[in-house]
Amino acid sequence: MIDIDRLTAEIDTLAGFSSHPSPAVTRVLFSREDCDARDWMARMFVEAGLVVRSDAVGNCFARWQGRDTTRAPFATGSHIDAIPNAGKYDGVIGVLGAVEAVRMLRAKGFQPERSLDIILFTAEEPTRFGIGCLGSRLLGGALDSAAAAALEDVDKNTLETLRAQAGFSGLLSEVSLRHGAYTGFVELHIEQGPLLERDGIDIGAVEKIAAPAAFRITITGEGGHAGAVLMPDRHDAGLAAAEIALAVERAALETASADTVGTTGVFLIEPGAINSVPCRAVIEIDLRDTDLATRLRAENAIHQAAYAVADRRGVSLEWETINSDPPAICAPELVASIESAAKARGFSSRRMISRAYHDSLFMARVCPTAMIFVPCRNGWSHRPDEYVSPEALARGVAVLADVIEAQLGV
Ligand SMILES: [Zn+2]
């Protein structure tokens with residue numbers, strides 16, 4: 001039996017490690033609150049009979065030892081960092097829920113053949129270093145260790161310094177997992193969207209994880225007095241940026257796939273005065289899809305449109321790729337295992353796409369991966385009123401426990 005009262009109490013306790021008052025949760029990588037929360041988690045893991053170790057970037061692995069240590073382990077887990085003014089469920093249920101799943105399996109006398117690692121990933125959120133999935137990115141070999149070490153926060157502290165202060169030593173180059181280090185990975189997570197709740201579905205079996213590409217475009221035109229420079233003589237950087245932003249929308253709409261989304265979420269113009277023609281503009285674009293080829297086509301269309309606009313308006317343009325991660329296809333056998341676990345327990349389930357990215361995106365590079373989604377109220381996430389009902393949470397943990405049991409028994 002899942003002890004849902006214990007689990008919800010633990011979620012509340014973990015939410016207390018926050019630099020903003022309740023109900024908001026703010027837990028930024030290697031802040032005092034993050035370090036205290038990690039210490040508390042380590043004690044939890046030990047109390048649950050798990051053996052804990054950490055790697056050089058602070059990814060924490062809590063192992064439930066199986067009978068046969070020669071076999072590769074299975075893994076589950078998620079993150080416990082939280083963006084400013086977030087809620088208490090995002091990421092957290094994938095870690096505390098996994099501990100509860102282990103306790104439940106233990107209580108019913110299940111003895112694992114294969115070992116299980118519950119992984120607490122370092123910094124899924126990009127708050128501190130501007131890059132998401134820092135820990136899993138390194139595990140998946142998707143980030144060069146020297147580039148990682150040199151990452152800087154807004155106060156110019158490097159990852160190298162901060163991880164040492166937090167007590168994590170060792171070589172970042174040794175964080176990456178070899179292919180097949182795990183037989184598989186399953187992450188329990190809140191949906192962060194409205195679909196499951198809206199349609200009254202208990203469990204989402206994630207079959208694809210969309211991945212973002214992000215670009216920064218810097219446009220340099222010619223400034224001048226808003227009264228004095230006549231329209232035919234202008235090289236307005238702001239208008240060029242505006243046209244490119246519209247091209248982003250057009251490119252995303254024209255792929256014929258509903259999964260392509262393009263957003264120009266940063267739009268800065270200089271000098272930013274009402275009586276001055278913008279001389280410089282910086283825009284940042286987030287482009288996502290579950291299909292890499294479709295996303296690349298959209299990116300190409302934006303690229304061409306941007307240079308055509310620059311040409312026509314006589315401004316110069318600098319295109320910078322901030323990141324470009326391939327989407328992931330989940331392992332069909334794990335997706336099927338989630339579905340059959342849900343069915344056996346009488347829960348409704350649906351295959352779905354994760355439109356947000358998760359640590360699973362990078363674990364999929366080293367082993368078969370899938371995700372279990374549970375509904376959250378109104379699809380709200382990354383805000384203090386994020387809420388998952390105890391019943392929805394218990395269903396997610398039960399399915400996770402069933403999937404783990406099936407994987408550890410063989
Ligand atoms: Zn998350």
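The values are calculated or read from the model by the stated rules, or taken from the named source; none is laboratory data. Only a predicted model underlies this, so the values are computations on that prediction, with no experimental measurement involved. Here Cβ is always computed from backbone atoms with ideal geometry, including for glycine, and neighbour counts include all displayed protein chains. In case anyone asks, the SASA skips ligands and DNA or RNA and just uses the protein heavy atoms, side chains included. Shrake-Rupley method; radii C 1.70, N 1.55, O 1.52, S 1.80 Å.
Quick check: the angle from helix 237-253's long axis to the longest principal axis of the chain, C-alpha only, nearest 10 degrees?
Long axis of 237-253 versus the principal axis of the chain: about 50 degrees.
Quick one: helix 292-313 against the long Cα principal axis of the chain, what's the angle to the nearest 10°, folded into 0 to 90?
Rounded to the nearest ten degrees, it is 20.
Suppose all protein chains stay in the model; what accessible area per residue would a 1.4 Å probe give for segment 191-277, in Å²?
Value for segment 191-277: 50 Å² per residue.
How far, in degrees from 0 to 90, does helix 390-408 lean away from the longest principal axis of the Cα atoms of the chain, to the nearest 10?
70
Could you let me know the centre-to-centre spacing of segment 180-259 and segment 52-91, using Cα atoms, in angstrom?
That distance is 30 Å.
For residue 329 and residue 156, what is the calculated FRET efficiency with R₀ set at 51 Å and r taken between the beta-carbons, to the nearest 0.05?
0.85
Simple spin-label model, 7 Å along Cα-to-Cβ: residue 385 to residue 171 in nm?
Modelled inter-label distance: 5.1 nm.
Starting from the residue with the highest accessible area, list 68, 325 in decreasing order, probe 1.4 Å.
68, 325
Using only the heavy atoms of the protein chains and a 1.4 Å probe, how would 351, 313 rank by accessible area, largest first?
Final ranking, largest accessible area leading: 351, 313.
Among DSSP bridges having both ends in segment 44-182, what percentage is antiparallel? Round to the nearest 5.
60
Taking the alpha-carbon centroid of each part, what is the distance from segment 261-297 to segment 20-41 in angstrom?
Cα centroid to Cα centroid, the span is 32 Å.
Enumerate by residue number the trypsin sites (Lys or Arg not before Pro) in segment 151-258 meeting two conditions: DSSP loop (anything except H, G, I, E, B), and at most 10 other Cβ atoms within 10 Å of the site's Cβ.
156, 178
For residue 199 and residue 266, FRET efficiency with R0 = 30 Å and r from the beta-carbon atoms, rounded to 0.05?
0.35
What is the gain in length, in nm to one decimal, between residue 256 and residue 70 on full extension, counting 0.36 nm per residue of separation less the C-alpha to C-alpha distance?
62.1 nm
Using a 1.4 angstrom probe on heavy atoms only, work out the carbon and sulfur share of the accessible area of segment 130-282 in %.
About 54 percent, which is the carbon plus sulfur part of the accessible surface.
For the chain, set up a Gaussian network in which alpha carbons nearer than 10 Å are linked by springs, and say which option among 266, 335, 397 fluctuates the most.
Answer for the Gaussian network model of the chain: 266.
Taking 25 Å as R0, compute the FRET efficiency from the Cβ-Cβ separation of residue 183 and residue 321 and round it to 0.05.
The calculated FRET efficiency here is 0.15.
How far apart, in nm, are two points set 7 Å out from the Cα along the Cα-to-Cβ line at residue 296 and at residue 243?
It works out to 2.8 nm between the two label points.
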